[in-house]
Amino acid sequence: MIRLRRSASLFPPRLRAIFDPPRALFLRGAGDAELLAGRAAAVVGARSCSPYGAQVARMLGRELAAAGLVVVSGLARGIDGEAHRGALEAGGLTVGVLGCGIDRDYPASNAQLSRRIEERGLVVSEYEPGVEPAPWRFPARNRIIAGLCEAVVVVEARERSGALITADFALEEGREVFAVPGEITSSLSAGTNALLRLGAAPLTSSTDLLDALGIDRPPPTPGASVSADASKVLELVRDGPAGADELAARGTLEAGAVSVALTELELAGLVVVADGVYRTAVPA
């Protein structure tokens with residue numbers, strides 16, 4: 001564990017520049033303190049996210065890390081955890097910011113994820129060892145997430161989500177703020193759609209953020225080759241998420257052929273399924 005005082009030369013400049021910087025940061029992990037001064041973006045959102053939100057967060061974590069950005073989030077369940085996992089999948093660097101003592105894993109369900117982050121990146125906190133999690137510590141934690149980054153992306157958020165606090169801090173400090181547009185009938189989109197009304201930039205792919213920061217996107221990897229039937233079903237899924245029966249009704253294939261095609265598409269990583277509903281997978 002390292003204690004990095006605000007007066008130290010290695011204290012991250014972007015964080016030092018915010019209105020209320022922490023007096024010190026506690027660090028654990030294999031990453032160097034200089035990692036906190038690198039180009040970084042935060043991906044945050046709801047703890048109880050939808051399968052779609054989880055997929056988007058993981059994709060963003062993966063693609064932003066592949067482009068060379070440090071992916072910062074709050075190590076919470078849901079969107080935060082998926083963003084960290086995506087960055088790790090890309091072999092990139094990620095930083096988790098705690099709202100409790102640096103010696104704690106909170107939530108405990110993400111202890112294994114914390115260990116994976118520490119192997120190459122950092123887990124950080126402004127709180128010394130032994131400090132218990134408390135509700136008021138997490139909004140304070142969010143100013144550190146925003147302060148470490150050039151940009152913040154909110155993937156899914158309810159009306160009073162803590163992710164909106166992170167976005168507010170970022171706006172106050174003149175950082176870029178993006179929101180992923182969501183369904184107007186979903187409570188998980190209420191916060192992100194409100195951000196869009198207030199002037200946040202809509203994010204429909206990682207390219208939106210990378211272009212804003214002047215960063216080139218890595219070249220895409222070749223797509224998987226699938227059968228003719230699978231290609232037909234994939235086009236139907238691209239028209240909108242649906243169950244197997246609905247896809248069969250939409251197209252010309254029999255139900256059995258649709259089922260086989262969906263299995264092929266899943267194995268190829270081209271579709272994902274949650275609660276019986278198939279949707280196109282966000283490209284890796």
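Comparing Cα centroids, segment 156-204 and segment 1-37 end up 27 angstrom apart. Could you work out how far helix 162-172 tilts from the main Cα principal axis of the chain, as a 0 to 90 degree angle to the nearest 10? With rounding to tens, the tilt is 60 degrees. One decimal place: the segment ASP103-ARG116 gains 3.1 nm when fully extended, by the rule 0.36 nm per residue minus the C-alpha distance.
Based on C-alpha pairs under 8 angstrom that are at least 6 apart in sequence, segment 169-221 has a relative contact order of 28 percent. Looking at the chain alone, DSSP beta bridges between its own residues are antiparallel in about 40 percent of cases.
Near LEU253, once Lys and Arg are set to +1 and Asp and Glu to -1 for all other residues with Cβ below 13 Å from its Cβ, the sum equals -4. Three semi-axes describe the equivalent ellipsoid of segment 53-191; taken as square roots of 5 times the Cα gyration tensor eigenvalues and ordered largest first, they are 21, 18, 14 Å.
Exposed loop sites, defined as trypsin sites (Lys or Arg not before Pro) outside DSSP H, G, I, E and B with at most 10 other Cβ atoms within 10 Å, are absent from the longest region of the chain, namely 24-159. Other residues whose C-beta falls under 15 angstrom from the C-beta of SER231 contribute a net charge of -2, scoring Lys and Arg +1 and Asp and Glu -1. Among the listed values (1) 1.06; (2) 1.01; (3) 1.58, the one computed from these coordinates for Cα Rg over 2.2 N^0.38 Å is (1).
More than 26 angstrom separation, counting every C-alpha pair in segment 156-284; what % is that? Counting pairs separated by more than 26 Å, the tail of P(r) holds 43 percent. Across the chain, C-alpha contacts under 8 Å between residues 6 or more apart give a mean separation that, scaled by the residue count, equals a relative contact order of 16 percent. Using the 1.4 Å probe convention, the accessible area of the chain works out to 47 Å² per residue with neighbouring protein chains retained. Surface composition of the chain: carbon plus sulfur atoms contribute 52% of the solvent-accessible area (1.4 Å probe, protein chains only, all chains present). Per residue, the average separation of C-alpha pairs within less than 8 Å and at least 6 apart gives segment 137-284 a relative contact order of 16 percent.
The values are calculated or read from the model by the stated rules, or taken from the named source; none is laboratory data. Predicted model only: the values in this text are computed from it and were never measured. We place every Cβ from the backbone using ideal geometry, glycine too, and count neighbours over all the protein chains shown. For accessibility, only protein heavy atoms count, side chains too; no ligands or nucleic acids. Shrake-Rupley method; radii C 1.70, N 1.55, O 1.52, S 1.80 Å.
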